[in-house]
Each structure stands twice: as C-alpha cells, then as structure tokens.
Amino acid sequence: MRKSLPKTLAEVERSLEQGDLLLAFDQACVGLTLYPDSETLKHKGLLALARAGATERAARLFREWGLGASQEGHVLALEARIAKDRALKLCGPERRQALLDAAAIYRRIHARAPDSYPAINWASLCFLAGEADEAARIAAIVLADPVVQRVADYWALATRAEAKLILGRRQAVAADLEEAARRPD
C-alpha cells in the first residue's frame, strides 16, 4: 500500500527530531520515488544530509533537485546553510571570503522575504568574518522584528540572544538563553 505524502513527511520529520539523520535522508529519498515533485521532501532530506555533515553531497543534490528555484525562504536558506558549513571548514582568508559569500545568500533571502531567520544568520556570518559594524547593524534589525520582540517560543528567544551576543550584551544573552532552555520547543 502506498504511503500518503503527509505520512511520509511525518516519518521523515520524526527521524529528524530524533537525530537519526541518515534514516531521515533515506526516508525522504524513498518518498521522492513516490512524490518526485515534493519540495518539502527534498528540503527535509537535504537538511538531514547537511546536519549529518555531508556538505558536498547536500550541495550537489540542492542543485540537481532544483531547489534554487524555490519560492520558499526556508528552502533557499538551505543553500546558505550549506555555504556556511563549507566556509567553517576553511581557514584564513578563504574562510573569511566564504563566510561573506554565505552571508550574501542570507542577505538576498532576507531582502526578498524579510524574516529573522535569514537576518540573524546574515548577521552572525558577518560577525564571524570580522565585519562587526555590519553584523551589529543587522542584529539591530533582528531585535526590532516584532516576532523576536514577542519571544513566543524557543527560536525567537535563541534568535534574540544571538543578536544580543553580536551586540555585546552578555547579561541579556544569559537571561534569554535561560528562558529559552525552559521552553518545551
């Protein structure tokens, strides 16, 4: 009996949540034999690969599966995440340039669809590349985001803490992280 797409996605998501990254990738690939046009299955499969450290394979499949043409910011952000993973494996001037290249991808995503997720990643990568003033400018944009200000969930608190860390507000960072740790999500 053929599994439904929602059931397949739920299995992949469950494996991701449990940290069984290779199983999640395999499940996504099996699902793609039944639902080859499912961008969500492609995204979840590549997310599992990226989290497992299979950076080059994830980059190749991102291109082959055509995810660069997506209209979804979280799907496009996977390209930036892969670029960040590549950059963090480098040293010296190559690392700095690769971090700035990854930051530019997040910047493009944010320009197209303003959201705190690409913005905080853009800011963090600028900071890691030594562009502290630019990172601080972007972190201020993140802190002005109403979703981040409301801190309704773990991710908003973690994002707010990361922005404050970039700005050097260490005590406020600790308070946000303590609150984030108490959240169920």
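The values are calculated or read from the model by the stated rules, or taken from the named source; none is laboratory data. Since we're looking at a predicted model, the values are computed, not measured. Quick reminder, even Gly has a Cβ in these numbers, built from the backbone with ideal geometry, and neighbours come from all protein chains shown. Accessible surface is based on the protein model in full, side chains and every heavy atom, while ligands, DNA and RNA are left aside. Shrake-Rupley method; radii C 1.70, N 1.55, O 1.52, S 1.80 Å.
Things to note:
- Filter pass, residue 77 being aliphatic (A, V, I, L, M), open to solvent by less than 60 Å² (accessible area, probe 1.4 Å), touching a Gly at 6+ places or on another chain (Cβ under 8 Å) and part of a helix (DSSP H, G or I): no
Results for (1) assigned to a loop (DSSP other than H, G, I, E, B); (2) under 20 Å from residue 47 (Cβ atoms); (3) over 17 Å from the mean Cα position of the chain (by Cα); (4) among the β-branched types (Val, Ile, Thr), shown as yes or no for each residue.
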| position | (1), (2), (3), (4) |
| --- | --- |
| 84 | no, yes, no, no |
| 94 | no, no, yes, no |
| 100 | no, no, no, no |
| 107 | no, no, no, no |
| 120 | no, yes, no, yes |
| 139 | no, no, no, no |
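- Some residue of the stretch 146-156 being in a helix (DSSP H, G or I) and either within 23 Å of residue 54 (Cα to Cα) or at pLDDT 95 or above (or both): no
- Every condition in (1) over 21 Å from residue 101 (Cα atoms); (2) exposed (fewer than 14 other Cβ atoms within 10 Å of the Cβ) holds for residue 133 except the one numbered (1).
- Evaluating residue 11 against the criteria (1) within 23 Å of residue 119 (Cβ to Cβ); (2) of a type in the set (D, E, K, R); (3) open to solvent by less than 50 Å² (accessible area, probe 1.4 Å) leaves one unmet condition, (1).
- Wholly enclosed helices (runs of 4 or more DSSP H) of the stretch 1-61 bearing at least 1 residues more than 19 Å from residue 75 (Cα to Cα) and in contact with a Ser or Thr (Cβ under 6 Å, 6 or more places away or on another chain): 21-34
- Restricting attention to the stretch 92-114 and to residues that are closer than 21 Å to residue 54 by Cβ and either among the hydrophobic types (A, V, I, L, M, F, W, C) or in contact (Cβ under 8 Å) with a residue 40 or more places away in the chain (or both), the residue that is surrounded by the most Cβ atoms within 10 Å (Cβ to Cβ) turns out to be 102.
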